[in-house]
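Taking it in order: structure first as structure tokens, then the write-up.
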Amino acid sequence: MTLQLDDTAPDFEADTTDGTLKFHEWMSDDWAVLFSHPADFTPVCTTELGEVARLKPEFDKRGVKVIGLSVDPLEDHRSWAGDIAETQGHALNFPLIADPDREIADLYGMIHPQADDTLTVRSVFVIGSDKKVKLTLTYPASTGRNFEEILRVIDSLQLTADHSVATPVNWQHGEDVIIVPSLSDEEAREKFPKGWETVKPYLRVTPQPQD
Ligand code: BEZ
């Protein structure tokens, strides 16, 4: 069955480049990004994993752990890591799951047989500290992802989890946000002392709340 938003992210035990781990235990009280790539020693995947390593401090700042996965064995992950460091200038600094039996890939629906019946597609699951799925993305093998967009979405997910706001198109951290329509003006006055601009009764724009 396809994993949907607000489903509990399935727990699993995995062999990774950082040793064996139990997923929920490894997450502890943090958020997580679990993402799959099709195969080791492939060009687009090499660039993606280097980019995630470059952005790791940004994930750390947001309290988000990152973990990759493919159906390649651990020995391949370990020898490919050298290529990633050499060609991308950033060494792997997060665990890569080896899932040769496809158990985790199947659990998360990362194999899309019409696209490829053996390799994982480029799946992304953003999982909250409550272990619920907050975002899913699926890209084909031929298209590398934009991990800065994933950071942008995490900023929105974490903000909207704590405040009665939603974020508009192309929003970036620090920009104005929208008061959720379910909040009355009276309720909004308490929560948003800086006020808001009413563009339409259902479109009320306010500065981003600070924590
Ligand atoms: C790549 O990472 O470049 C790739 C992997 C599998 C299929 C096609 C491209």
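Among the residues of the stretch 140-174, just one is hydrophobic (A, V, I, L, M, F, W, C), open to solvent by less than 40 Å² (accessible area, probe 1.4 Å) and within 16 Å of the ligand (Cβ to nearest atom), namely PHE147. Counting only residues that are in contact (Cβ under 8 Å) with a residue 60 or more places away in the chain, within 16 Å of the ligand (Cβ to nearest atom) and either surrounded by fewer than 19 Cβ atoms within 10 Å (Cβ to Cβ) or not aromatic (Phe, Trp, Tyr) (or both), the stretch 24-40 holds 4 of them.
Taking the stretch 1-17 as the range and being touching a helix residue (DSSP H, G or I) at 6+ places or on another chain (Cβ under 9 Å) and in a loop (DSSP other than H, G, I, E, B) as the test, the residues that pass are LEU3, ALA9, PRO10, ASP11, PHE12, THR17. When the residues of the stretch 122-136 are filtered to those that are in a strand (DSSP E or B) and away from the ligand (no atom under 16 Å from the Cβ), the one that is farthest from the chain's Cα centre (by Cα) is LYS132.
Selection of the stretch 41-70 for residues being near the ligand (Cβ under 9 Å from one of its atoms) and either open to solvent by less than 50 Å² (accessible area, probe 1.4 Å) or more than 17 Å from TRP80 (Cα to Cα) (or both) yields THR42, VAL44, CYS45, THR46, GLU48. Going by the structure shown, is THR20 in contact with a strand residue (DSSP E or B) (Cβ under 8 Å, 6 or more places away or on another chain), surrounded by fewer than 17 Cβ atoms within 10 Å (Cβ to Cβ) and free of Cβ contacts under 8 Å to residues at least 40 places away in the same chain? Here the answer is yes, as THR20 does meet what is asked. Of the strands (runs of 3 or more DSSP E) lying entirely inside the stretch 169-211, those carrying at least 2 residues that are touching an Asp or Glu at 6+ places or on another chain (Cβ under 9 Å) are 197-200, 203-206. Within the stretch 106-121, the set of residues being assigned to a helix (DSSP H, G or I) and closer than 11 Å to LEU34 by Cα is empty.
Check the stretch 63-72 and report whether any residue there is farther than 13 Å from HIS37 by Cβ and assigned to a helix (DSSP H, G or I). Checked the stretch 63-72: no residue is farther than 13 Å from HIS37 by Cβ and assigned to a helix (DSSP H, G or I).
Summed over the stretch 71-93, residues that are buried (at least 18 other Cβ atoms within 10 Å of the Cβ) and within 21 Å of ASP11 (Cβ to Cβ) total 1.
Conditions tested, residue by residue: (1) of a type in the set (Asp, Glu); (2) closer than 29 Å to PHE35 by Cβ; (3) at pLDDT below 95.
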site: GLU148; (1), (2), (3): yes, yes, no
site: LEU151; (1), (2), (3): no, yes, no
site: GLN158; (1), (2), (3): no, yes, no
site: TRP171; (1), (2), (3): no, yes, no
site: ILE178; (1), (2), (3): no, yes, no
site: PRO181; (1), (2), (3): no, no, no
site: SER184; (1), (2), (3): no, no, no
site: GLY195; (1), (2), (3): no, no, no
site: THR206; (1), (2), (3): no, no, no
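The values are calculated or read from the model by the stated rules, or taken from the named source; none is laboratory data. Here the structure is a predicted model, which means the values were calculated and not measured. FYI the Cβ positions are ideal-geometry reconstructions off the backbone, even for glycines, and counts take in every protein chain you see. Just so you know, the surface numbers come from the protein's heavy atoms only, side chains and all, with ligands and any DNA or RNA stripped out. Shrake-Rupley method; radii C 1.70, N 1.55, O 1.52, S 1.80 Å.
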